[in-house]
Amino acid sequence: MKLAKNSTAWISVPIFLTAALAIAGSWYMSAVALVGFIFMIFFHRDPDRLPHGDGMVSPADGRILQATPEKITIFMGAYDVHVNRAPLDGTVRSIEYRKGSHMPAFLNRACHNQQNRIKMETDDGDLELRQITGTIVREIVCYVRPGDHVLRGERIGMIRFGSRVEASIPEGYKLQVGLGDKVRAGETVVAVKSPVVVGT
């Protein structure tokens, strides 16, 4: 199983505790630590993905909380893959970290939580992706830097534990998902480019 970047520390601590507690004879606590280790492995999984068609792909796994012609919002639960991906080919123009509140990520007010804003320039216009933390851990990992060119579906970062991702939709794209839909990062097409109508 492929694991997300920079996840070694999160995985090694519970396995160390499992062994140490077993050696100390604390079998019950060792079993609890082992469950924690299994969860960390599951949470930090990073499967390979391929887009299911042309268009803008989902930047995150999870459930659609908001879907408008201008923006989608995705809530990532504890059992979703938390690695984020580029919705379109483009160049990273800026990355801005903002402090904020720590509301549960599924609430509308969570749009003001601590977050990382990645602005990209694509062939179809500018796109902004926001990695937003929830109430637990609140750690955002960003794999890219300004000037980097990324491909559609490429890994660009992750958020640990309950969190959300918001992505703007470039003008000329038509939404393909609705409220409550389940999506997968780098795989589910969330918007497609509308055909250009040529006048006669």
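The values are calculated or read from the model by the stated rules, or taken from the named source; none is laboratory data. The structure presented is a predicted model; accordingly, all values stated were derived computationally and were not measured. All Cβ positions, glycine included, derive from the backbone under ideal geometry; neighbour counts span all protein chains shown.
Restricting to region 138-150, give me the number of residues that are surrounded by 14 or more Cβ atoms within 10 Å (Cβ to Cβ) and at positive phi. Result for region 138-150: 1.
With respect to the conditions (1) buried (at least 19 other Cβ atoms within 10 Å of the Cβ); (2) touching an Asp or Glu at 6+ places or on another chain (Cβ under 6 Å), residue 52 lacks only one, and its number is (1).
In the set 52, 102, only one residue is touching a residue at least 24 places away in the same chain (Cβ under 8 Å) and farther than 19 Å from residue 166 by Cα; that residue is 52. Residues that are buried (at least 23 other Cβ atoms within 10 Å of the Cβ) and either under 13 Å from the mean Cα position of the chain (by Cα) or closer than 15 Å to residue 110 by Cα (or both) within region 56-74 comprise 57, 58, 59, 60, 61, 62, 72, 73, 74, listed in sequence order. Among residues that are assigned by TED's automatic domain parsing to the domain that holds residue 174 and either part of a loop (DSSP other than H, G, I, E, B) or in contact with a helix residue (DSSP H, G or I) (Cβ under 9 Å, 6 or more places away or on another chain) (or both), residue 91 is not included.
I'm trying to understand the selection: among the residues of region 101-133, which are crowded, with 22+ Cβ neighbours inside 10 Å and either among the polar types (S, T, N, Q) or over 17 Å from residue 185 (Cβ atoms) (or both)? Passing the criteria: 110, 113, 115, 131, 133.
Among the residues of region 1-43, those identified as out of contact with any Lys or Arg (no Cβ under 8 Å at 6 or more places or on another chain), assigned to a loop (DSSP other than H, G, I, E, B) and without any contact (Cβ under 8 Å) to a residue 60 or more places away in the chain are 7, 24, 25, 26. Can you find a residue in region 11-31 that is in contact with a Phe, Trp or Tyr (Cβ under 8 Å, 6 or more places away or on another chain) and modelled with pLDDT under 75? Yes, because at least one residue in region 11-31 is in contact with a Phe, Trp or Tyr (Cβ under 8 Å, 6 or more places away or on another chain) and modelled with pLDDT under 75. Return a yes/no flag: does region 85-100 have any residue that is of a type in the set (A, V, I, L, M) and surrounded by fewer than 20 Cβ atoms within 10 Å (Cβ to Cβ). Within region 85-100, one or more residues are of a type in the set (A, V, I, L, M) and surrounded by fewer than 20 Cβ atoms within 10 Å (Cβ to Cβ). Does any residue of region 174-197 turn out to be within 22 Å of residue 7 (Cβ to Cβ) and part of a strand (DSSP E or B)? Looking for residues that are within 22 Å of residue 7 (Cβ to Cβ) and part of a strand (DSSP E or B), one finds none in region 174-197, hence no. The set of residues from region 66-117 being among the aromatic types (Phe, Trp, Tyr), modelled with pLDDT under 90 and under 27 Å from residue 173 (Cα atoms) comprises just one member, 106.
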